[in-house]
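Notes to accompany the following structure.
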Amino acid sequence: MNKAYKFRIYPNTEQSIMIAKTFGCTRFIYNRMLSDRIEHYKTTKQSL
């Protein structure tokens, strides 16, 4: 038997700002690394 739990958070204003900043930073890093990977493939025709 599988069980699942759902949780919902209600952050205050300060926490909402921090969550938005955190996801913004992770999105930037992901896109930067993806760009580097694509550029590497274009120049060498080899995957990392």
For this session: Within the stretch 1-30, track down each residue that is part of a helix (DSSP H, G or I) and open to solvent by 100 Å² or more (accessible area, probe 1.4 Å).
Result: Thr13, Glu14, Met18, Lys21, Phe23, Arg27, Phe28, Tyr30
For this session: Show the residue pairs that are 6+ apart or on different chains and have beta-carbon atoms under 9 Å apart, the first residue being within the stretch 1-23 and touching a residue at least 60 places away in the same chain (Cβ under 8 Å), the second being part of a helix (DSSP H, G or I).
Result: none
Seminar exercise, completed: Residues of the stretch 31-48 being among the basic types (Lys, Arg) and surrounded by 10 or more Cβ atoms within 10 Å (Cβ to Cβ), in sequence order, are Arg32, Arg37
For this session: Tell me which residues, restricted to the stretch 14-48, are under 12 Å from the mean Cα position of the chain (by Cα) and of a type in the set (Ser, Thr, Tyr).
Result: Thr22, Thr26, Tyr30
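The values are calculated or read from the model by the stated rules, or taken from the named source; none is laboratory data. What you see is a predicted model; the values in this text were computed from it and never measured. Every residue, glycine among them, receives a Cβ derived from its backbone with ideal geometry; neighbour counts consider all protein chains shown. Only protein heavy atoms, including side chains, enter the accessible area calculation; ligands, DNA and RNA are left aside. Shrake-Rupley method; radii C 1.70, N 1.55, O 1.52, S 1.80 Å.
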